[in-house]
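These notes are about the structure you will find just below.
Values quoted throughout were computed directly from the atomic coordinates according to the rules given, and no laboratory measurement underlies them. Keep in mind it's a predicted model, so treat the numbers as computed, not measured. Note: ideal-geometry Cβ built from the backbone for every residue, glycine included; neighbour counts use all protein chains shown.
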């Protein structure tokens with residue numbers, strides 16, 4: 001996963017992005033922060049377990065994460081995934 005892909009994913013999901021030491025992204029639903037994740041200020045590939053940590057923080061499995069990155073799933077699909085998992089009601 002590249003940093004650019006992560007930033008594109010945050011934008012596609014309508015996440016609120018804040019620049020701090022890293023780029024923080026907050027997923028809000030009904031004016032509440034449901035979850036958050038981050039990517040470093042770098043270019044190129046995310047090294048180590050960054051992709052794994054982002055996927056875990058977004059509460060999706062590998063297949064769902066790949067579909068999110070490939071723009072197969074959108075915000076409404078993601079909200080449904082979170083509903084099924086009981087993260088939101």
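How high is the relative contact order of the stretch 20-67? Use alpha-carbon pairs under 8 Å, at least six apart in sequence, and give a whole percent.
It comes to 29 percent, rounded to a whole number.
Give the relative contact order (percent, whole number) for the stretch 1-46; include only Cα pairs under 8 Å separated by 6+ residues.
Relative contact order, the stretch 1-46: 41 percent.
How tilted is helix 3-12 with respect to the longest principal axis of the chain? Cα atoms for both, answer in degrees (0 to 90, nearest 10).
30 degrees
Evaluate the distance, in nm, between pseudo-label points positioned 7 Å from the Cα of residue 80 and of residue 18 along their respective Cα→Cβ axes.
Between residue 80 and residue 18, the label points sit 3.2 nm apart.
Report relative contact order for the chain in percent, whole number only (criteria: Cα-Cα under 8 Å, sequence separation at least 6).
26 percent
Quick check: the angle from helix 75-84's long axis to the longest principal axis of the chain, C-alpha only, nearest 10 degrees?
The angle comes out at about 60 degrees.
Based on Cα coordinates alone, diagonalise the gyration tensor for the chain, multiply each eigenvalue by 5, take square roots, and list the semi-axes in whole Å, largest first.
20, 15, 11
In nm, what is the difference between 0.36 nm times the number of residues separating residue 8 and residue 53 and their Cα-Cα distance?
14.5 nm
Given the -39500 (n - 2.57) contribution per DSSP H run of 4+ residues, what per-residue ellipticity at 222 nm results for the chain, rounded to the nearest 500 deg cm²/dmol?
Helix-only estimate at 222 nm: -11500 deg cm²/dmol.
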